[in-house]
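In what follows, a single structure is set out as structure tokens and then discussed.
The values are calculated or read from the model by the stated rules, or taken from the named source; none is laboratory data. The structure presented is a predicted model; accordingly, all values stated were derived computationally and were not measured. Cβ placement follows ideal geometry from the backbone for every residue including glycine, while neighbour counts extend to all protein chains displayed. Accessible surface areas use protein heavy atoms only, side chains included; no ligands, DNA or RNA. Shrake-Rupley method; radii C 1.70, N 1.55, O 1.52, S 1.80 Å.
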Amino acid sequence: MDSSKPLVILGGGPAGSAAAITARLRGQPVQLIEKARLPRHKVCGEFLSPEAVPLLDRMGVSFPEAAAIRRVSLHLRRAEKRFSLLEPALGISRYTMDDRMLQRAAALGATVIASTDLQPDIVATGRRASQPKGQRLFGFKSHFEGPESDSVDLYFFGGGYVGVNPVEGGRTNVCGLLPESVLAPLGFEIDEALDQFEPLRERLAPLKRYFDWLKVGPLVFGPQTATSSARRAGDALQFVDPFTGSGMLAAIETGVLAAEAPEQEYVQRVRAILAQPYYVASIMRSALSTTWVDRLLPLVPGRLMYQLTRPKKSR
């Protein structure tokens, strides 16, 4: 990209802000377009992989208030698996994360605007996609108050999943993805849907919901079809299955690459980063729909599953 002209970025979330910060650290003018009012809560697992910390350090961004996540537990129909992380992950809300990163971009000199006639060089706006009615997937999230934990707990049922993990301020984030076939008969009442799986019902029993459920969808996994010459980053580029917990890491990594990688290398380098976690997540999602996964899960090392779903380092 021509470093003498402003880099126009559409979207002020983690991917867009990472691109803006990276460009400003390289001395390039930036116009960052964010149409929504920030900060605000968004549907997200709010699990930040420890691999993201060095990237954030280089950008001058930190989250000292984040909750430390040291353990993982997986709950299927008749099987459970627990393991410890080699390094603590961070539990940080998108409310705090988006605000901190956007403020950092602005402090470095990025111009944050609500609209412009300029065509974006980088699109980092998240994504939605259409699917046949009845087969659609919907995401949801809320924060809860109550006993704290240092674990991210994943519950797989009904063709979807729910993740529970601590975030800053002593709160617990509950975020999930369930198919329309489960939600529609219940009138999309999330509390009723979560009550159907006993292990999850027991986990949430001592907690009290802090705000109304946020909902988003339909969602579709996989790469986004390009409709312009603009580079895409974050979910606008490729939506990796959220249960892997690598979504925010992938957003930051691709945002950085979108701002610094040579034009002819960007696609190849992004593929090198995301190919493995997307492929492994697809296999895992297919396996979760089978009955034998309950017997297989105890045999697979938890840390290996975790490592295989991390985006590869770009440098």
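From helices alone, the chain scores -9500 deg cm²/dmol at 222 nm; the rule is -39500 (n - 2.57) for each run of n ≥ 4 DSSP H residues, then divide by the residue total. Calculated on the Cα set of the range 21-170, radius of gyration then Dmax: 18.3, 55 Å. Normalised per residue, the accessible area of the range 59-106 is 47 Å², obtained with a 1.4 Å probe and no contribution from ligands, DNA or RNA. Heavy atoms only, probe 1.4 Å: what % of the accessible area of the chain goes to carbon and sulfur, would you let me know? About 52 percent, which is the carbon plus sulfur part of the accessible surface. The packing ranking of peptides 14-27, 32-45, highest mean first, is 14-27, 32-45, where packing means the average number of other beta carbon atoms within 10 angstrom of each residue. If you take the Cα centroid of the range 149-203 and the Cα centroid of the range 18-34, the two points sit 36 Å apart.
Size descriptors for the chain: radius of gyration and Dmax over Cα atoms are 19.1, 59 Å.
Find how many whole Å separate the alpha carbon centroid of the range 70-90 from the alpha carbon centroid of the range 259-291. Centre-to-centre distance over Cα atoms comes out at 22 Å. Applying 1/(1 + (r/R0)^6) with R0 = 51 Å to the Cβ-Cβ distance of GLN119 and ASP294 gives a FRET efficiency near 0.50. How about LYS35: which aspartates and glutamates have a C-alpha closer than 20 Å to its C-alpha, ignoring those fewer than 8 places off in the same chain? Those aspartates and glutamates meeting the cut-off are ASP98, ASP99, ASP117, ASP121, ASP235.
By a 1.4 Å probe calculation restricted to protein chains, GLU168 has an accessible surface near 30 Å², given to the nearest 10. When the listed pairs LYS133/LYS215; LYS5/LYS42; LYS81/LYS133 are checked against a 28 Å cut-off, the alpha-carbon distance exceeds it for LYS5/LYS42; LYS81/LYS133. Bridging of LYS208 to aspartates and glutamates at a Cα separation below 13 Å is possible for GLU145, GLU148, ASP191, once same-chain residues fewer than 8 apart are set aside.
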